[in-house]
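Quick notes on the structure that follows.
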Amino acid sequence: MKYINSIIKADYLQRTRSYAFLITLAITFYAAYSFVPPPTASYTTLNVVGYKGVYNSAWVGYVSGMMTAIMLSMYGFFLVNGGIKKDIDTEVGLIIATTPITNFGYLLSKMLSNFLVLLTIAGCTFVVSIVMFFVRTSGSPFIFSNFLIPYSLFVLPAMLVISSLAVIAEVFLGRRSILQYIAFFFFFGILMANINQQKNETLAVFIDPFGVRTMTSSIKNHINIKYHEHIEGINLGFTFNSKRGFKTFEWNGIAITSVFLLSRLLWLIISFVLVYFSSFFFHRFDFKQSGNKKKKLKIDEPNTDGAMFAPTGINRALMPPLVTDYGILPFIKTELLLLIRKGSKWLWLLSIGVAISMLFAPVNISHAYILPALWFLQVTRWSEITTKEETNRLHYFTYASYKPLQRMLPAQLLAGIIIAVVLAAPLIARYAVMADGYAIINIISGAIFIVLLAGCLGIVSGGKKIFEIFFFLLTYTVTQNIPVADYLGAVKHDSHMAYIAVILAFNLFMLVVSFGVRSYKLRNV
Amino acid sequence: MSLVIKNLTKQYNKHKTGLADYSINIEKGVLGLLGPNGAGKSTLMKIIATISKPTTGTLFLDGEDIVGNPDRIRKILGYLPQDFGVYPNLNAYEFLEYIAAMKGVGGSNLRKRIDMLLEGVNLTADAKRPIGTYSGGMKQRIGIAQALLNDPKVLIFDEPTVGLDPEERVRFRQLISDLADDCIIILSSHIVSDIETIADEVAIMKNGKLITKAAQPEIIKLVEGKVFETLVDNNDVAGIKNEYQVIDTGRQKDKTRVRFISQTGAPELSPATVNATLEDAYLFLTHDNK
């Protein structure tokens, strides 16, 4: 246990002492603030048709707890995922492998450090929710248990499940981050759909690690009984409404039943059991055994390892004359090569297949669902677009090169945009045939937006996590047809020109930030 | 060609100073930088390589300000950092083409230039393998090749012999000697013998300051007559260490040979005076009590 405590502590400190974590905390504070909108806001986070909850401590505490459970589960996976990969990259894993710690002990420590990181963030939203109670309400009594219960029974189990999933995804899907992201994307989507649609109430409670169903059912039953209504569904998450009249209702929290408590306990046990099960398949940093054939040298391959310099050395007098070329085309070529080689050939085959499918699927489906999903498949390609020099410790060369700001950064961004536009080409071609210029502009500006977002967040945070989280949230919300998240013009907007102008403004802003911060970093290695 | 550094200071934060009021003139030839960890060698090299901006001070290359106009030196710079990496998915050709693009080297001759460099560092046979599969020594050699791509006039090598085996080190020294005729070469190493063999001049640094810069014989002269050797019982070594600056010890059956520096000659040990080396001078000059 001593080893495990030390690993958890080191891992936790390592993750939280980063710009990415600070940025995540800042975003979390804002998100927690937005979970409890003012009564006059144009959006709600829990939408009951025709009704609005009175802002008492139960409403504020439960809505905040439930939103934290869902939102933090959504992006928390991306935030904590990669703990084992970090140990592989830094070769700390090799040291760990030689210690007496068991596979389960190591994976458990990873899960618990993931949990602590998520808990830290949840702790922030907890504090903000209490502050928001005093900001948004007047005269309503403050009941602490209405904050403690949702955070204990919704958030804690959800965070433990996500922590466990992040570990087992790494064990079974190795260093293939994109497969982990896709698997989680589908897992999360299917789980949420099942929680909402499950007819059997008891079963719904058991399959729900977030506690959402218990809360929505409680609210639904409360309204149906008290106001003789037949409300079927409640929408969760940010829902934007045009302002209209609402009836208000006062809700005082869920009834804590033994079934509900048992379901919480079950998810806690599942989390630990999954990690225990995965420990039998853990590579323990022995990649020869687990078969990374790609990296092994073949015996007949030429290999001059250990051989000395050529006896003749390097005679500069015999070298061809130096020809200078300060253009960015060779840069773009190599950046494209790096982007293309990132990820497996299977991912390319899948991407090409999905791209071609946009030729045949209905145009609106291609635009609103297939294209965002196809671009999300490239998340690991773009997330390192401006961070790979530092990740690979190559920035000593690149930053000391000739005019790196004017040549290297534009080349990186252009290469990313080329990949995005080429992948979207089948859909662009269809819009071209339909003579829909706005749609084409929207897709191209969406491509620019997503690559600039990757570049900007990478430069500012120094890592890839923030972009991966943002991109996941954007993709998820775009596929839910939420207009505010629509970066590629997939949803109908009131004004084409206004929409294009907004995206253009975002793009310009990100461009300025990217160049400004990179300019500073170039001289401060 | 000359590099003139005046009153350079790099202050990382309130408590951490990389360089403190550092001034030095560097001419053509090989300047060896010696200093303990944290002496400021890498900071100085990063500032000359333009990837770190000094807090105060100036740096002129042939009279032109490099701090304000870093692109002036970047065109003619070859830099091999201490802890550099590579893009593991690129092969040696692709990697060098990429670095060439950064340095603004192109034209139809580029491929031939890369071929010759790869041949020079003996990587031709492995040139089409991903660099991610290279050993430490091979990566170091590709690092040396990239530094020479643009026919540099200023070469900065930060711990260049790390990862090279003894034979490779010998070859590397020869390579540096060949390049030194028309270049400024600044080279740091913890291995004093590397500096001793290659450097025309040596600069010794400590705590961000320049202690001395001179040709090797002049530096060695500073400890001439102060370096002694004696054979003592194993039990007496600790006492000598308390009293004198011990440079080296070597066990010989029941006795220990001790090499030490003394201002007084330590008559109680009846030592023999020995010829001083650059290592003796370096340790003497950077010793804490100095």
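Identify, from the list B:198, B:240, B:261, the residue that is of a type in the set (A, V, I, L, M) and touching a residue at least 40 places away in the same chain (Cβ under 8 Å). Please lay out each step first, then the result.
On the way: B:240 fails: touching a residue at least 40 places away in the same chain (Cβ under 8 Å); B:261 fails: touching a residue at least 40 places away in the same chain (Cβ under 8 Å).
Sole residue among the options that is of a type in the set (A, V, I, L, M) and touching a residue at least 40 places away in the same chain (Cβ under 8 Å): B:198.
For the stretch A:206-238, a tally of residues being on the phi < 0 side of the Ramachandran plot and in a loop (DSSP other than H, G, I, E, B) returns 9.
Checking the condition open to solvent by 40 Å² or more (accessible area, probe 1.4 Å) and under 21 Å from the mean Cα position of the chain (by Cα), which residue from B:41, B:46 passes?
Details: B:41 fails: open to solvent by 40 Å² or more (accessible area, probe 1.4 Å).
Sole residue among the options that is open to solvent by 40 Å² or more (accessible area, probe 1.4 Å) and under 21 Å from the mean Cα position of the chain (by Cα): B:46.
I need a count of the residues in the stretch B:244-261 that are crowded, with 18+ Cβ neighbours inside 10 Å and either touching a Pro at 6+ places or on another chain (Cβ under 7 Å) or of a type in the set (Ser, Thr, Tyr) (or both). Summing the residues that are crowded, with 18+ Cβ neighbours inside 10 Å and either touching a Pro at 6+ places or on another chain (Cβ under 7 Å) or of a type in the set (Ser, Thr, Tyr) (or both) in the stretch B:244-261 gives 2.
Does residue B:78 count as open to solvent by 30 Å² or more (accessible area, probe 1.4 Å), touching a residue at least 12 places away in the same chain (Cβ under 8 Å) and not hydroxyl-bearing (Ser, Thr, Tyr)? Taking the combined requirement at face value, the residue does not satisfy it. Of the residues contained in the stretch B:147-159, none is found to be within 11 Å of the chain's Cα centre (by Cα), surrounded by fewer than 17 Cβ atoms within 10 Å (Cβ to Cβ) and either closer than 16 Å to residue B:82 by Cα or not assigned by TED's automatic domain parsing to the domain that holds residue B:116 (or both).
When we screen A:148, A:203, A:191, A:156 for residues that are in a helix (DSSP H, G or I) and either touching a Pro at 6+ places or on another chain (Cβ under 9 Å) or at pLDDT below 90 (or both), the only hit is A:191.
Scanning the stretch A:27-48 for residues that are modelled with pLDDT of 80 or more and open to solvent by 60 Å² or more (accessible area, probe 1.4 Å) yields A:27, A:29, A:30, A:33. Check whether at least one residue in the stretch A:54-66 is hydroxyl-bearing (Ser, Thr, Tyr), open to solvent by 10 Å² or more (accessible area, probe 1.4 Å), in the same structural domain as residue A:215 (by TED's automatic domain parsing) and within 23 Å of the chain's Cα centre (by Cα), and report yes or no. No.
One line per residue, one yes/no per condition, for (1) of a type in the set (Phe, Trp, Tyr); (2) open to solvent by less than 30 Å² (accessible area, probe 1.4 Å); (3) more than 17 Å from residue B:32 (Cβ to Cβ):
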{"position": "B:214", "(1), (2), (3)": "no, yes, no"}
{"position": "B:228", "(1), (2), (3)": "yes, yes, yes"}
{"position": "B:239", "(1), (2), (3)": "no, no, yes"}
{"position": "B:272", "(1), (2), (3)": "no, no, yes"}
{"position": "B:284", "(1), (2), (3)": "yes, yes, no"}
{"position": "B:287", "(1), (2), (3)": "no, no, yes"}
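Restricting attention to the stretch A:370-400 and to residues that are under 17 Å from residue A:520 (Cβ atoms), outside any helix (DSSP H, G or I) and within 13 Å of another protein chain (Cβ to nearest Cβ), the residue that is farthest from the chain's Cα centre (by Cα) turns out to be A:400. Among the residues of this structure, residue A:464 counts as one that is in contact with a helix residue (DSSP H, G or I) (Cβ under 7 Å, 6 or more places away or on another chain), surrounded by 24 or more Cβ atoms within 10 Å (Cβ to Cβ) and basic (Lys, Arg). I'm checking my understanding of the structure. Among residues of the stretch A:496-522 that are in contact (Cβ under 8 Å) with a residue 40 or more places away in the chain and within 30 Å of residue B:11 (Cβ to Cβ), which one is surrounded by the most Cβ atoms within 10 Å (Cβ to Cβ)? Of everything passing the filter in the stretch A:496-522, A:514 is surrounded by the most Cβ atoms within 10 Å (Cβ to Cβ).
The values are calculated or read from the model by the stated rules, or taken from the named source; none is laboratory data. Values in this document were obtained by computation on a predicted structure and should not be read as measured data. Note: ideal-geometry Cβ built from the backbone for every residue, glycine included; neighbour counts use all protein chains shown. With ligands, DNA and RNA removed, areas are computed over all heavy atoms of the protein, side chains included. Shrake-Rupley method; radii C 1.70, N 1.55, O 1.52, S 1.80 Å.
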